[in-house]
Amino acid sequence: MRVLRTFAVIALTMFPAAVGAESVFGIYQTLAGNNGGYAHVEIYPCEEKVCGVVRRAFADSRQEIKDDPALNVRIIWNMKPLGNGRYGGGKIYAVDRDQTFSATMTRKKEGLEVSGCLLLFCSSQLWKPVK
C-alpha cells in the first residue's frame, strides 16, 4: 500500500508538467534562405539541453540536394528549457550566411519559432513541422 501511495504522489506531481509541456523534438522545415534553399532540421535532446542538425537540404526548385555540405551539420546547440515551450541561452548557425547568432526557440501551435540575434539585431522564423 505504501508503494502504491508513493507512486500516486509521484504521478500526480509529474502529471501537470507532462500535460503542459508540448514536445519541441521532431523535424522542422526552415524558411528559404538567401539562396532560396531550405532545410529539414531535426531538433533533439543533447545532454540536458536541445540541439538541431540539418537532415535534408533542398534547392529553391524543391529538389533535394543529396550532397549538400550542410547535411548533418549541427546548427542549433546549447538551448536550455525555460518552461512553457520556451528555450534560450543557445546558439544558431546560419549556413547560408556562415554566421553564428545567440538564439531562442518557442514551441507554438503552428510550429517552432526560432530567433537569432547579433548584437541588437534580431530575426525570427516560424519553422513548420515536417510530417
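Only the coordinates and a few stated rules stand behind these numbers; no lab work does. Every value quoted in this text rests on a predicted model; they were computed, and no experiment measured them. Neighbour counts are summed over all protein chains in view; Cβ atoms, including those assigned to glycine, are modelled from backbone coordinates with ideal geometry.
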Q) Points 7 angstrom from Cα along the Cβ direction at residue 121 and residue 25: gap in nanometres? A) 3.6
Q: Rounded to whole Hz and in sequence order, give me ³J(HN,Hα) for region 89-105 from the Karplus expression 6.51 cos²θ - 1.76 cosθ + 1.60, θ = phi - 60°, writing x for Gly and Pro.
A: x, x, 10, 9, 9, 8, 4, 5, 10, 6, 9, 10, 10, 5, 9, 9, 9
Q: Mind checking which of 84, 100, 71 is farthest towards the positive end of region 61-116's charge dipole, using Cβ charges of +1 (Lys, Arg) and -1 (Asp, Glu) about the Cα centre?
A: 84
Q.
With +1 on the Cβ of every Lys and Arg and -1 on the Cβ of every Asp and Glu, and nothing else charged, how large is the dipole of region 88-131 about its Cα centre, in debye rounded to the nearest 20?
A. 260
Q: Please give the per residue volume of the convex hull enclosing the alpha carbon atoms of region 13-131, rounded to a whole number of Å³.
A: 108
Q: Pop a pseudo-label 7 angstrom from the Cα along the beta-carbon direction at both residue 131 and residue 86 and give the gap in nm to one decimal.
A: 3.0
